[in-house]
Amino acid sequence: MTSIPRPSLEQAAQTWLAQTDASMDDPSLIRLRAALEDFLAKRFHGAAADLRAVHDLRNSLLDDGRSIESHVAEGAQSWDRSSLGKAASDSAPPELGRLLFSLVWNLRPGSVLELGTNIGISAAYLQVGLQHTGGGELTTIEASGARLVLAERHFDALGLAHPNWVEGYFDDVLADCLAEIRPPDLAFIDGNHREDATVRYFHLVGEAMPAGAVMVFDDIRWSEGMLGAWEEISRSTAVTASVDLGRIGLVVRS
């Protein structure tokens, strides 16, 4: 599927900062502005080596043409016949990883929820942020048990503490998961890229989040349907602000 043309994250962040009043007094927007400023300035707050390790791990996997199920024979699902290199390519690239880290650093979430673990690359960026801020709990959900096995291996290779891994389809496990974990202060929605599903997760996850919490939606220009979902979400009365960064969209919960 061909994505809709979009600016780079850096270009979009520069545009948003230029168009946003620097004297704003909304605490959530102040923190978002600080995160984008850190992202553009490449301020890593002592985490540069850990972030580089995640970049390097992803890069080392890109040319691996073997199937995921050949890496993890037991419990592999049908879609795991995709190559490990394709899974790595679909993971958060360094630019997005740096932004996820900056969001965690500036928002200081006590609880982070990720929908779509894949092989653990985006989760690693989030976990690096949490470990460098000295706290916070990450929960990440993935339907494929084989991909979760690889994610665990990658966390071990990076020397990162394991998050709360949850295996299952979002529609099957998300409600129970939200009932069990601490209300998320930051959510990264990166899976099931269909318009109706994305809007459904916005409502289900958002209703469990406190006011001022931030939701990040990946691949909002992956398709016309995803763009439609983003437009509906950004206009919702359940958000106080939205930030369109081309590839991703961020909203602040009301």
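The values are calculated or read from the model by the stated rules, or taken from the named source; none is laboratory data. Not measured: the values here are computed from a predicted model. Cβ coordinates were reconstructed from backbone atoms using ideal geometry, including for glycine residues, and neighbour counts include every protein chain displayed. In case anyone asks, the SASA skips ligands and DNA or RNA and just uses the protein heavy atoms, side chains included. Shrake-Rupley method; radii C 1.70, N 1.55, O 1.52, S 1.80 Å.
Counted over all Cα-Cα pairs of the stretch 152-245, pairs farther apart than 18 Å make up 51 percent.
Which entry is the computed P(r) over Cα pairs in 5 Å bins from 0, in percent for this structure: (1) 1, 5, 11, 14, 15, 15, 11, 9, 8, 6, 3, 1, 0, 0, 0; (2) 1, 6, 14, 18, 21, 18, 13, 6, 2, 0, 0, 0; (3) 1, 5, 10, 12, 12, 10, 9, 8, 7, 6, 5, 5, 4, 3, 2, 1, 0, 0, 0? This structure yields the entry labelled (2).
Below 15 angstrom from the Cβ of ALA213, what's the summed charge of the other residues (Lys, Arg +1; Asp, Glu -1)? Residues close to ALA213 contribute a combined charge of -1. When each of the peptides 94-104, 212-222 is scored by the mean number of other C-beta atoms lying within 10 Å of its residues, the order from highest to lowest reads 94-104, 212-222. Note that the stretch 40-46 has calculated 3J(HN,Hα) couplings of 5, 7, 6, 8, 10, 6, x Hz, one per residue in order, obtained from phi through the Karplus relation 6.51 cos²θ - 1.76 cosθ + 1.60 (θ = phi - 60°); glycine and proline are x.
Taking Cα centre as origin and charging only the Cβ of basic (Lys, Arg, +1) and acidic (Asp, Glu, -1) residues, the dipole magnitude of the chain rounds to 620 debye.
Amide H contacts under 5 Å for SER111: GLU137, ASP185, LEU186, restricted to partners 5 or more places along the chain or on a different chain, H placed in the peptide plane at 1.01 Å from N. Per residue, the chain exposes an accessible area of 42 Å² to a 1.4 Å probe, with every protein chain left in place.
Once the chain from HIS203 to ALA41 is taken as fully extended at 0.36 nm per residue, the excess over their C-alpha distance is 55.0 nm. As a length-normalised measure over Cα pairs under 8 Å and 6 or more apart, the relative contact order of the stretch 98-254 settles at 20 percent. Along the Cα-to-C-beta direction of SER254, a point sits 7 Å from the Cα; which residues of the stretch 200-237 have their amide N less than 11 Å from that point? What the label zone holds, given the 11 Å backbone N cut-off, is 235-237. Take the solvent-accessible surface of the protein heavy atoms, probe 1.4 Å, and return the percent of it on the chain that carbon and sulfur atoms account for. Taking all protein chains in place, the chain shows 47 percent carbon and sulfur surface. Computed from backbone phi with θ = phi - 60° and the Karplus coefficients 6.51, -1.76 and 1.60, the 3J(HN,Hα) list for the stretch 220-235 is 6, 10, 5, 7, 4, x, 5, 5, x, 4, 4, 5, 5, 5, 5, 8 Hz; x is used for glycine and proline.
A simple spin-label model places the labels of ALA48 and ARG153 3.2 nm from each other, with each point 7 Å out along Cα-to-Cβ.
Estimated at 0.36 nm per residue, the fully extended path between ARG108 and SER89 surpasses their Cα-Cα distance by 4.0 nm. Label separation (ASP172 vs ASP196): 1.9 nm, computed from points 7 Å beyond Cα along the C-beta direction.
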